[in-house]
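Read through the structure below, which is laid out as structure tokens, and then see the notes.
The values are calculated or read from the model by the stated rules, or taken from the named source; none is laboratory data. Please read these numbers as outputs of a predicted model, since none were measured by experiment. Methodologically, a virtual Cβ is constructed for each residue, glycine included, from the backbone with ideal geometry; neighbour enumeration extends over all protein chains shown. For accessibility, only protein heavy atoms count, side chains too; no ligands or nucleic acids. Shrake-Rupley method; radii C 1.70, N 1.55, O 1.52, S 1.80 Å.
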Amino acid sequence: MLIEPVALSDFFLSFFSAALIILLATVYAALYAWSKISGHRKFEFAAWLIYAALLICVGVFSYVNHFNDYWLLLSLLMVLGYGWMPRFIWKLCAATHDADTHHSHQSGDHHD
Amino acid sequence: MTEQSPPRWASETFWKKTAIWVTGGSFVLLVILSFDSMKQISAGGPRVPAYSVINKDISYRFDKAKQRYQPTIGEDAPLFGKTLSEEEAEKLVDHGKKTVQAKNCMNCHTLLGNGAYYAPDLTKAWLDQGWGAKESREQMMVNFLLDPEKNARTYGSNRKMPNLDITPPEAEAIVAFLKWMSSIDTNGFPHNFIALGEEDK
Amino acid sequence: MTLQAYQKKAANCWAGCKQRHTELMANPHLSGGQKLAVHYFTVAMVLFMAQLLFGLLAGLQFIFPSFLYEILDFNVNRMVHINAMVVWMLYGFLGSVYWFLEEESGVEIVGLKWGQLAFWILTGAVTVVVLVYLLIQIGSGTDTSLWLINEGREYIEAPRWADIGIVVVVLTFFYNVAATFAKGKWSGIAGVLTLDLVALAGLYLAGMFYVTNISIDQYWWWWVIHLWVEATWEVLVGCIMAWSLMKLLGVRRKVVQTWLYIEVALMFGSGILGLGHHYFWIGTPEYWFTIGGFFSALEPIPLVAMVVHSIYDAGAHRFKNSNHPALAWIIAHAFGNFLGAGVWGFMHTLPQINLYTHGTQWSASHGHLAFFGAYATINIAFFYLAAQQARGKVWMGGELANGWRWKTAAVLLNLGVMGMTVALLIAGYEQSFIERAVEGSTWAGYFAAQNHPWFMQAMVWRMVFGLMTAAGGGLLFWDLLEIGKGEQRPAAVIDSEAVAQ
Ligand code: HEM
Ligand code: HEM
Ligand SMILES: [Fe+2]
């Protein structure tokens, strides 16, 4: 079998860590974004703290789901992806909205 | 002020192209995989047996090499005592499948785990120990389908299947369909299911 | 009530509807397409109420199995419940597109007459289908039953004749959209929308044929269900959102369109192959474990991105807006989509755990939060935008007359669905444990799980929160009929980007 199912005793851990991965990823990204908007470094610090918790969840999740072989790639993907994504989304937000801040009178109805 | 355009990687055209390529690529892959899957799940293919499998004894056992449960096909065990040709078997299963749809079974039961959750999964219904013994199973199933209210086994839940005006030929066809469905290789779902006749193995 | 009194009441009600319809057709604030949209929205709301009613009936049967036994059995109630849902959401989508088609293209709708005709045909057909579901319910095991009564395939039960009718109506709709854009302006939103509609309609064809082989049956059935809700519907909602955000927050078109493309790339990039999470156990090959697992694990990413983006917008625009109820529901959409699809979806999407959760109340828990969070919310938001315009672009900011009504409705609906979701989650957890894992999904194992105190209590709590949901739904309906009436203040004007720093 290509997978080894979660053990009965680990059901809760599997659900819980899975939910936390997505939730923490969002909190992490939000804190990161907020640190940029508000300019407060303490939010960035908090973001990293959350990311550390995220790493633990990925670890637990990978362990109880018996990831081995190429399934470990998924763990890696989550760790790197969720680490990098908030930065990328932030940059994307800033870059796409950039022109906005210089043209304050273009209306939404403007067609290109 | 001059129009300040965003960097390339954040530009509209870049993302438009990315969207097109990603969508196209995923779709092409899906189509290729679908061709392969169709080949593998056609009746008579490696994963979904031909309809004439209803002439055989079917069971479900733990496969040590694969580390999961797997349907097994054994000796001759014709359904209702009649050995059917491939065409006859297909016709019977087809009638069963059509009846399952027309009676809207899927809005109470799950089939292959999909459907509603008001009544038990039917994936391995043919193999369920609730039928008591292999010898009486076919007749019990038909009787149940013809009058589920009187033959109800609610296990104390009081939840009874309604009478769906199933005719005797339809009931036999449904049993054939269920028998055939139990032979599909579902990658080990359901796990831990002990089939009728496998209790002591 | 005597029969005569009843007849009189019905006649009054009918006269009231006609009166409203006459008023609608004379409404000077709405364009032709917008009037058609209001038709769609009205039927959508009626069907939403029907969905809630039949959900309550089905839910009650879990607790009192003899309730309506052999009169309206569980399978009938459930079928009406989920069909009403799919149809009201599609009505909402069609209405939303008709709503902004003229503004977006800059010209009047081409072939509006046909669109109107299609609406009445579709609504007539939906009525007939529902009556047949309720009165005839099931047929014999023949093709005739599948053509005339119901097809017995979850979510797309509509009989074949209705399928064909739906395709004809959708083609008319598509003609309206494509011809109008072709005559007017093709914006980025127009392009994405048109292609997405082609895909959405094309996928429906995958659910329109009969096969004996149930593995092949379910293979294509999932193309319709999954590729609708996790791909094409998400993108359709993306188009509607893009347009709404320009209107509501005054975000610039270029920004909105870039993000629409980003969303398409992320949604389709994960969602199309994420389809594999339905191919673990239906007879399909083992490679779907890997493909389904990996790609569906990526599906939450666009949803996370949207939440982050909305935080950016909140920072940049400070949520200045001209329609508070609509914005509240858009926020509910961002969070609901994220929680229901992203979090709840990811929790059970890997084969390692789905082996046990597959086909339990776990799926129902996820299904409720995802459909409500992603699609009910955005439709409701749009209904509020429409109500504002229909009442003459009136004020819908703070200190609204009877503002308690929309707020209470929103709270009851969101809390109610969340409560149901949690109740079903507990039931599903118990079921996956006892039925699936310990008892190996036998008939006896199934009932062992159903009779467990956790499960039985969860079913009661589901009803409690279901009633809360239904109360919220009723209040919402009332509010949409009344909001903004008699309001004299004009809507706040949002000068786009002027609010950005
Ligand atoms: C708005 C988007 C979504 C909606 C409306 C939705 C809705 C649903 C519904 C109604 C079902 C049950 C289908 C049935 O009746 O058998 C289902 C099943 C499922 N969904 Fe979603 N879903 C969404 C997004 C997602 C996402 C993003 C994921 C994964 C990350 C996901 C994972 C699953 C899985 C694995 C199942 C199968 C459950 C089983 O094995 O029984 N869904 N979804
Ligand atoms: C009055 C509130 C509601 C009640 C009491 C209710 C009850 C039910 C019941 C009893 C089922 C059948 C589940 C089963 O087969 O065991 C069901 C299925 C379903 N309902 Fe509801 N429901 C309500 C509201 C909603 C809402 C607001 C939505 C979404 C907008 C919704 C979406 C669904 C979906 C998608 C399914 C199919 C789930 C699946 O197959 O996994 N329901 N509902
Ligand atoms: Fe899916």
Task: Accessible surface of C:Ser296 - all protein chains present, 1.4 Å probe, nearest 10 Å² - done: 10
Task: Helical contribution to [θ] at 222 nm, DSSP H n ≥ 4, -39,500 (n - 2.57), averaged over chain B, rounded to 500 - done: -12500 deg cm²/dmol
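So if I take the alpha carbon set of segment C:61-142, get Rg, then get Rh from the Kirkwood formula, what is the Rg over Rh ratio?
Dividing the radius of gyration by the Kirkwood radius yields 1.17.
Which entries in the list C:Lys18/C:Lys183; B:Lys66/B:Lys98; A:Lys91/C:Lys393; B:Lys98/B:Lys124 go over 26 Å, if you measure between the two C-alpha atoms of each? The partial results should precede the final answer.
Values: C:Lys18/C:Lys183 34 Å; B:Lys66/B:Lys98 34 Å; A:Lys91/C:Lys393 36 Å; B:Lys98/B:Lys124 19 Å.
The pairs that break the limit, which is 26 Å between Cα atoms, are C:Lys18/C:Lys183; B:Lys66/B:Lys98; A:Lys91/C:Lys393.
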- [ ] Give the value in nm², to one decimal: projected area of the alpha carbon convex hull of chain C, averaged over all directions.
- [x] 24.3
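Convert 37 °C to kelvin, take the viscosity as 0.692 mPa s, use the Kirkwood radius over C-alpha pairs of segment C:31-186 as Rh, and evaluate the Stokes-Einstein diffusion coefficient in µm²/s, rounded to a whole number. The partial results should precede the final answer.
Values: Rh = 16.8 Å.
It comes out at roughly 196 µm²/s.
Over chain B, what is the relative contact order in percent, taking alpha-carbon pairs closer than 8 angstrom and at least six residues apart?
Relative contact order here is 24 percent.
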Task: Neighbourhood charge, 11 Å Cβ-Cβ cut-off, centred on C:Val235 and excluding it, Lys, Arg +1 and Asp, Glu -1 - done: -4
Task: In nm, spacing of pseudo-spin labels at C:Ile164 and C:Leu117 (7 Å Cα→C-beta vector) - done: 1.8
- [ ] State log₁₀ I(q)/I(0) for the protein assembly as shown at q = 0.09 Å⁻¹ as given by the Debye formula over alpha-carbon point scatterers of equal weight, solvent excluded.
- [x] -0.89
TODO: Write down Rg/Rh for segment B:51-181, rounded to two decimals, with Rg from the C-alpha atoms and Rh from the Kirkwood relation over Cα pairs.
DONE: 0.96
Task: For B:Asp165, solvent-accessible area (1.4 Å; no DNA, RNA or ligand), Å² - done: 110
TODO: Compute, for C:Trp406, the solvent-accessible surface of its heavy atoms (probe 1.4 Å) with the complete set of protein chains present, and express it in square angstrom to the nearest 10.
DONE: 30
Task: Gain on full stretching of the segment that runs from C:Glu399 to C:Phe67 - 0.36 nm per residue minus C-alpha separation - done: 115.0 nm
- [ ] Would you pull out the residues with amide H under 5 Å of B:Thr110's amide H, same chain only if 5 or more places away, H placed 1.01 Å from N?
- [x] B:Ala116, B:Ala119, B:Asp121, B:Leu122
- [ ] Can you run the Rg to Rh ratio on chain A? Use alpha carbon positions and the Kirkwood inverse-distance Rh.
- [x] 1.16
- [ ] Take the Cα atoms of segment C:269-400, find their three principal axes, and give me the spread along each one in whole Å, biggest first.
- [x] 57, 29, 20
Open item on the list: From the protein chains alone at 1.4 Å, what is the descending order of accessible area for C:Trp14, C:Trp120, largest first?
Closed with: C:Trp14, C:Trp120
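So for each of A:42-49, C:330-337, C:85-92 I average, over its residues, the number of other beta carbons within 10 Å; can you give me the resulting order with the highest mean first? Mind showing how you got there, number by number?
Values: A:42-49: 14.6, C:330-337: 21.6, C:85-92: 23.9.
Order by mean packing, descending: C:85-92, C:330-337, A:42-49.
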- [ ] Could you tell me which of rounded, prolate or oblate describes segment B:1-121, using a ≥ b ≥ c as the square roots of the eigenvalues of the alpha-carbon gyration tensor, with rounded for a/c under 1.5 and, failing that, prolate when a/b is larger than b/c and oblate otherwise?
- [x] prolate
Task: Accessible surface, per residue, of chain A when the full set of protein chains is kept, probe 1.4 Å, Å² - done: 48
TODO: Give me D for segment B:126-201 in µm² s⁻¹, whole number, from Stokes-Einstein with Rh from the Kirkwood sum over alpha-carbon pairs, 25 °C and 0.890 mPa s.
DONE: 178
Task: Peptide ranges C:177-185, B:56-64 listed from the most packed, as the mean C-beta count within 10 angstrom indicates - done: C:177-185, B:56-64
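Per Stokes-Einstein, at 25 °C and 0.890 mPa s, what whole-number D in µm² s⁻¹ belongs to segment C:23-90, with the Kirkwood radius over Cα pairs as the hydrodynamic radius? Don't skip to the answer; put the middle values down first.
Details: Rh = 13.6 Å.
It diffuses with D of about 181 µm²/s by this estimate.
If you average the sequence gap of Cα pairs under 8 Å that are 6 or more apart and divide by the length of segment A:10-105, what percent do you get for the contact order?
Numbers: 63 pairs, mean separation 32.1, N = 96.
Result for segment A:10-105 is 33 percent.
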Task: Added length on full extension, which subtracts the Cα-Cα distance from 0.36 nm per residue, B:Val28 to B:Glu86 - done: 17.4 nm
Task: A:Phe11, B:Phe144, ranked by accessible area, largest first (probe 1.4 Å) - done: B:Phe144, A:Phe11
- [ ] Take every residue in peptide A:81-92, count the Cβ atoms of other chains within 10 Å of its Cβ, and give the average of those counts.
- [x] 4
TODO: Tell me what chain C gives for mean residue ellipticity at 222 nm when only DSSP H runs of n ≥ 4 count, each as -39,500 (n - 2.57), the sum divided by the residue total, rounded to 500 deg cm²/dmol.
DONE: -24000 deg cm²/dmol
- [ ] Report the net charge of residues surrounding A:Leu8, where surrounding means a beta-carbon distance below 15 angstrom and charges are Lys +1, Arg +1, Asp -1, Glu -1.
- [x] -4
Open item on the list: Pairs of alpha-carbon atoms within less than 8 angstrom and 6+ residues apart define the contacts here; what relative contact order does chain C have, in percent?
Closed with: 14
TODO: Evaluate peptide B:17-28: per residue, the Cβ atoms of other protein chains within 10 Å of its Cβ; return the mean as an integer.
DONE: 6
Task: Average partner coverage of A:29-40, which counts Cβ from other chains inside 10 Å - done: 3
